[in-house]
Amino acid sequence: MLPFNVKEFQENISTHFRPWQRSFQFWVRAVDIYTGYKVFQVRVNFERNEEKREAMWEKQHEVAADKIYNMCSDLGGFFLKVAQIVGKPDLAPAAWVRRLVTLCDQAPATPYHVIKVVLEKELGRDVDELFERFDVNPLGSASIAQVHKARLRGDKSDIVVKVQHPGVQDLMMTDIRNLQAFALYMQKTDIKFDLYSVTKEMETQIGYEFNFLREADAMHRIQRFLYEINKKSPVLVPRVIRNMVTRRVLVMEYIDGIPILKLGDEIAKRGINPNGKVAAAAKQNILKSLTLAYGQMILKSGFFHADPHPGNILICRGSEVALLDYGQVKDLPDKLRLGYARLVLAIADNDPIKASESYRELGIDTLSKCENEQKEMLRLAQTMFDTKLPPGVTMLQPFSDESSIKKIAVQAFPEELFSVLRTVHLLRGLSVGLGINYSCAEQWRPIAEEALYLAGRLTGDVLVGSY
């Protein structure tokens, strides 16, 4: 009779029930936050003084921010990505942003002895045989993987080794399905937007992130594209060490730079006036580089890096920008790429008729609930797909009766467009953080025109087709 291993039995039971336990924790917290807001909405209606109402809302946002922060921090994994998406100045109340912005790079690190086992299993050799130096403490740890600085034997250049956290995939898929159920409820009750399609696209994209072979191919493809069409690539893309990539390990060149979130500290450290011309020029160059790279990737290629949150952006010497982490990339079909090019021109031209036509071409199904439908349609397009918010809008308020999303209900939204939407919103968050108010649609106008011209849909000043 085989001996009974109590520890192994306990671990198996824990692994089996962990997704259920995690689901229970999410729903208890999500329902608490949601019902808190619904009860508050009733209570605040009894207060007639506008200033007192605003103070009450701020207090409620602070209470909710603490609860959301604790949920994302305690559960980690996928919810750190949720914090990255939600915790932006234009998207969430200021109280949420203040709390959630600190969560971007706080995923707990996997202990080195566990990482060592993963490395040796994936690469088929002892760590000491492969590396002359391997830093035990990671440079950073994110929701799916952590990165270590190292140096290969017989080499003089530093490299970065990205290693996947063991067992993280099953937990993240559990989290996404819970969020999908919550999104389905929200779109049927409070937010008239196709949130379910958005979460389905998140499920697809995050599923790709667990395959580092795919990420390596994406890095190489984007690097080659940007270097071929520019005299100098607007962003630096790390070079992959091709013979050292598996599904769970990715080795690439090390790029020296500072995270964009620490740019202000670095400017102050160098004795530069943060409000002066030198600092302003550096910030303009950084945003210009990122905007050009994304315009070319989305509109000319259709294959683009779809995760430009601050943790993935390094600022190098001379205000050069390095774009890291290619786990989330998107390959837009030509129909959507060119449809989006038309929407970019509609926004840049401030043309409500073209915006409405572009929505139909893209397959965005809307239901009007207002008198001036075309004006609100343009306003919704600007809110969703431009870095510059419409006049009078300082942040998105999906619950507000004045919100375009309330007036123009989005009944169907193509899943593949979510990556474009998310990318634009992350760029907007960066522009707000840098203190620069600009329109990416205006910056992308010549790229959109070129894309349409090359596709035979633009002749002179006239778009061929519905325009």
Legend entry - Selection status of residue 410, surrounded by 21 or more Cβ atoms within 10 Å (Cβ to Cβ), touching a Phe, Trp or Tyr at 6+ places or on another chain (Cβ under 6 Å) and either at pLDDT 80 or above or not aromatic (Phe, Trp, Tyr) (or both): yes
Inset, instruction - Considering only residues that are in a strand (DSSP E or B) and within 20 Å of residue 433 (Cβ to Cβ), look in region 248-296 and name the one that is modelled with the highest pLDDT. - result: 258
Inset, instruction - Filter region 22-51 down to the residues that are of a type in the set (D, E, K, R) and outside any helix (DSSP H, G or I), then identify the one that is surrounded by the fewest Cβ atoms within 10 Å (Cβ to Cβ). - result: 48
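Do we find that residue 299 is assigned to a strand (DSSP E or B), in contact (Cβ under 8 Å) with a residue 12 or more places away in the chain and surrounded by 22 or more Cβ atoms within 10 Å (Cβ to Cβ) in this structure?
no
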Inset, instruction - Out of the residues in region 159-197 that are at pLDDT 80 or above and in a loop (DSSP other than H, G, I, E, B), state the one that is surrounded by the most Cβ atoms within 10 Å (Cβ to Cβ). - result: 165
Inset, instruction - Search region 169-192 for residues being touching a residue at least 40 places away in the same chain (Cβ under 8 Å) and within 19 Å of the chain's Cα centre (by Cα), and hand back the single one that is nearest to residue 250 (Cα to Cα). - result: 169
Inset, instruction - Taking residue 346 as the residue in question, decide whether it is of a type in the set (A, V, I, L, M, F, W, C) and either closer than 30 Å to residue 260 by Cα or not in a helix (DSSP H, G or I) (or both). - result: no
Inset, instruction - Take region 231-257 and flag every residue that is loosely packed, with under 15 Cβ neighbours inside 10 Å and in contact (Cβ under 8 Å) with a residue 24 or more places away in the chain. - result: 242, 247, 253, 256
Legend entry - All positions within region 138-158 that are part of a loop (DSSP other than H, G, I, E, B) and either farther than 30 Å from residue 21 by Cα or β-branched (Val, Ile, Thr) (or both): 139, 144, 153, 154, 155, 156, 157, 158
Inset, instruction - Answer yes or no: is there a residue in region 322-331 that is assigned to a helix (DSSP H, G or I) and at negative phi. - result: no
Inset, instruction - Kindly indicate whether any position in region 394-404 is crowded, with 18+ Cβ neighbours inside 10 Å and modelled with pLDDT of 85 or more. - result: no
Inset, instruction - Answer with yes or no whether residue 213 is more than 14 Å from residue 413 (Cβ to Cβ) and touching a strand residue (DSSP E or B) at 6+ places or on another chain (Cβ under 7 Å). - result: yes
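Scan region 324-332 and give yes if some residue there is surrounded by fewer than 18 Cβ atoms within 10 Å (Cβ to Cβ) and over 19 Å from the mean Cα position of the chain (by Cα), otherwise no.
Looking for residues that are surrounded by fewer than 18 Cβ atoms within 10 Å (Cβ to Cβ) and over 19 Å from the mean Cα position of the chain (by Cα), one finds none in region 324-332, hence no.
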Legend entry - Residue ID - surrounded by the most Cβ atoms within 10 Å (Cβ to Cβ), chosen from residues in region 126-154 that are more than 25 Å from residue 205 (Cα to Cα) and among the aliphatic types (A, V, I, L, M): 150
Legend entry - Selection within region 214-243 - touching a Ser or Thr at 6+ places or on another chain (Cβ under 7 Å) and over 13 Å from residue 303 (Cβ atoms): 227, 234, 235
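The values are calculated or read from the model by the stated rules, or taken from the named source; none is laboratory data. None of the values given here were measured: they were computed from a predicted structure. All Cβ positions, even for glycine, are placed from backbone atoms using ideal geometry, and neighbour counts span all protein chains on display.
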